[in-house]
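We did not get these values from a lab; they are worked out from the coordinates using the rules stated. Computed from a predicted structure; not experimentally measured. Because the Cβ atoms are built from the backbone with ideal geometry, glycine has one as well, and the counts that use them run over all protein chains shown.
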Amino acid sequence: MVFADLTFLYLFLPLNLLLYFAVKNNVWRNTVLTVFSLVFYAWGEPVWIVLLIFSATIDYFHGLGIAKFPGGRVPKLMVISSLVLNLGLLGVFKYSGFLVGSFNAVTGLAVPVPGFSLPIGISFYTFQTISYVIDVYRGEVPAQRSYGKFLMYVSMYPQLVAGPIVRYQTIMDEIDSRVITAGSFSAGISRFCIGLLKKVFVANHAGKLAAVYLDGDLAALSTPEGWFGIILFTLQIYYDFSGYSDMAIGLGRMFGFSYPENFNYPYIARSAGEFWRRWHMTLGTFFRDYVYIPMGGNRSHVVRNLLVVWFLTGLWHGASWNFILWGLFYGVLLLLERLCLAKTLCRVPVLNHLYALFCVVVGWGIFYFTDLGRLRRFMAVLFGAGGAGIAPGMLGVTVLNNLFWLLAAAVFCMPVLPRLQGWLAPRLGPGAAAAAGWAGVAVNLCILGLCTALLVGQSYNPFLYFRF
C-alpha cells in the first residue's frame, strides 16, 4: 500500500483515525497504531512482516542486554551482535544477488544468483534499530522496557517504508506522553496534502515524461532530449521523495509524533556539500553520527572517511554499480570542494548555484541507469554525442504543451511559499487567523479532489524510494 492510493486515502487512513481517536489514552492508541502499521506493511507482501518483527525483536533484547549489564564487555558484544545480525540480513536480502552477479562477471563462473525479492523498507527500519542500539550503548537514550512500545516505534507506517529515518530519541517522550491539539492535527493534514500534491500532480507526470526520453533507444536520443529527460527525472525524484516525506511528517503530526525534516529545498544549493545538507537529511546525519565521526571525522584520515561514507551512501541506495559510482561521484566532489573549490564558489554567487545544479543533474543521470552500458551511452549523449532525436520536432511541442507545469515545478523547488507566508503574517489583521484557517481547509479539499481525480485515471504511481 502507498499513501497516494485511493484505498489508503478513503478507507485505511479514515478507519485508522476513527479507531485511534475512539480510545482515550496513549496505551490503547499505541496498540491501534501498531496493528494498523503491521497491516499496512503486510498489505502487499505479508511474508516480510516476519522479518520486520524479527529485526525489532532482536534489537529490543539487545537494548535490554546493554541496560542490564552496563560497562564491561557485554554492551560491546551486544552492539557487535546487532550490527552483524542487522547488516547480515540487509546483505542477504538486498546485496547477495549483486555480489554473486559481480563475482560471476569477474571470474566467468556461473554461481546461481539468489532470487530474493527486496523487503520493502528494510534499509530504513534496519538503520532505525541500529541507531537505537548504539544510542543505548552510548547512554544517549534509556532502553525501552516495553516490547509493544518498541515494536510500535519500529513499525509505524508513516515512516516505515521510505523514511524519514526516525531515531528513537526523537520520539521516545511522545510514545507515552504525546498531546494532539486541533492546531497540530490541522497542520498535519495540510502537510500531508502538500506532499500528496507533489507526488500526484508533479512527480507522476514528470516520471511519465522522463520515461519517454530515458527508457527508449539511446542511440536515437538527441543531446537536448537527453538533458530534458534527465531534468524531468531531477524534478520527479525531488517531488516524489520530498512529497513522501511531507506525507509521512503530516501523518506523524496527526498521530501526535514530531518527525524530523528530511528536505530543505536542496535545489537552491550552491555546492555539492550544501546539496547534501539539504537532501535526505536524516540519512546524511545517520552516516555522519554513526560512521563518519566514529572513524575520525575531520580530525584524522579525512579523505578515507569521506570516501568510505560516500561509498556506503551510494551502496545504501541500491545493489548496483551505478549507485556506488553515484556515491563516489559526490565523495570526490566534496573532497574537491574541501580542498580548493569552496573559497572560489563563495566568490561567484550565481555561478556557484549553476555549478551545483549541473553536478546534481549529472549525478541523477548516474543514479538513473543501473545498466552501465546504457549509462555510458547516456553520458555520451549528454556531452554531445546525441543522435537525430526520438521524434525530431516533438521536444519543442512537449515543452510548449507542458510549459506552465514546468515553470510551476521549477518555481516550487524554491522556498516560495515559506517566504510568502513570512511576508504575509505580520501584515494580516487580528481576524485573519480564522479566515486563514478556513482558507486552508478549502485548499486542502481542493488538493484532495484534484489528486483523487488524477489517481482515478493514472496507472503510473510508483514511489521511487520504496525500492531502496
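See the values below:
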{"quantity": "Selection from Gln236, Thr129, Phe185 lying farthest towards where the dipole of the chain points positive, charges on Cβ", "calculated": "Thr129"}
{"quantity": "Amide H contacts of Gly387 (H built 1.01 Å from N, under 5 Å, at least 5 apart or other chain)", "calculated": "Leu221, Ser222, Thr223"}
{"quantity": "Relative packing of 198-207, 52-61, which averages over residues the other C-beta atoms within 10 Å, highest first", "calculated": "198-207, 52-61"}
{"quantity": "Average silhouette area of region 1-87, convex hull of alpha-carbon atoms, in square nanometres", "calculated": "7.5 nm²"}
{"quantity": "Leu400-Ala442 FRET efficiency (beta carbon distance; Förster radius 51 Å; 0.05 resolution)", "calculated": "0.95"}
{"quantity": "Set of lysines with alpha-carbon distance to Lys199 below 21 Å, sequence-local pairs under 8 removed", "calculated": "Lys208"}
{"quantity": "Least to most buried among Cys193, Cys340, Cys359, Cys446 (fewest other Cβ within 10 Å first)", "calculated": "Cys340, Cys446, Cys359, Cys193"}
{"quantity": "Å³ per residue enclosed by the Cα convex hull of the chain", "calculated": "183 Å³"}
{"quantity": "Chain lengthening between Tyr290 and Met379 when straightened (0.36 nm per residue, less Cα-Cα)", "calculated": "28.6 nm"}
{"quantity": "Residue exposure sequence - Asp215, Asp246 - by fewest surrounding Cβ within 10 Å", "calculated": "Asp215, Asp246"}
{"quantity": "Shape parameters for region 245-313, alpha-carbon atoms, Rg then Dmax in Å", "calculated": "14.6, 44"}
{"quantity": "Residues Arg299, Arg178, Arg253 arranged by fewest to most Cβ contacts within 10 Å", "calculated": "Arg299, Arg178, Arg253"}
{"quantity": "For region 260-272, Karplus couplings with θ = phi - 60° (6.51, -1.76, 1.60), whole Hz, Gly/Pro x", "calculated": "x, 5, 10, 9, 9, 6, x, 7, 9, 5, 10, 6, 5"}
{"quantity": "Sequence ranges 305-314, 127-136, ranked by mean other-Cβ count within 10 angstrom, highest first", "calculated": "127-136, 305-314"}
{"quantity": "Region 113-121 - phi-based ³J(HN,Hα) in whole Hz, Karplus 6.51/-1.76/1.60, Gly and Pro as x", "calculated": "7, x, x, 5, 8, 7, x, 4, x"}
{"quantity": "Compactness of region 282-348 - radius of gyration and Dmax, Cα, Å", "calculated": "12.6, 39"}
{"quantity": "Estimated inter-spin distance, Ser184 and Leu17, nm [label 7 Å along Cα→Cβ]", "calculated": "1.6 nm"}
{"quantity": "Span-rule helices in the chain, defined as complete DSSP H runs reaching 20 Å or more along the axis (Cα) with Kyte mean at least 0.0", "calculated": "26-42, 49-68, 73-90, 122-138, 182-197, 223-254, 302-317, 321-336, 351-368, 432-457"}
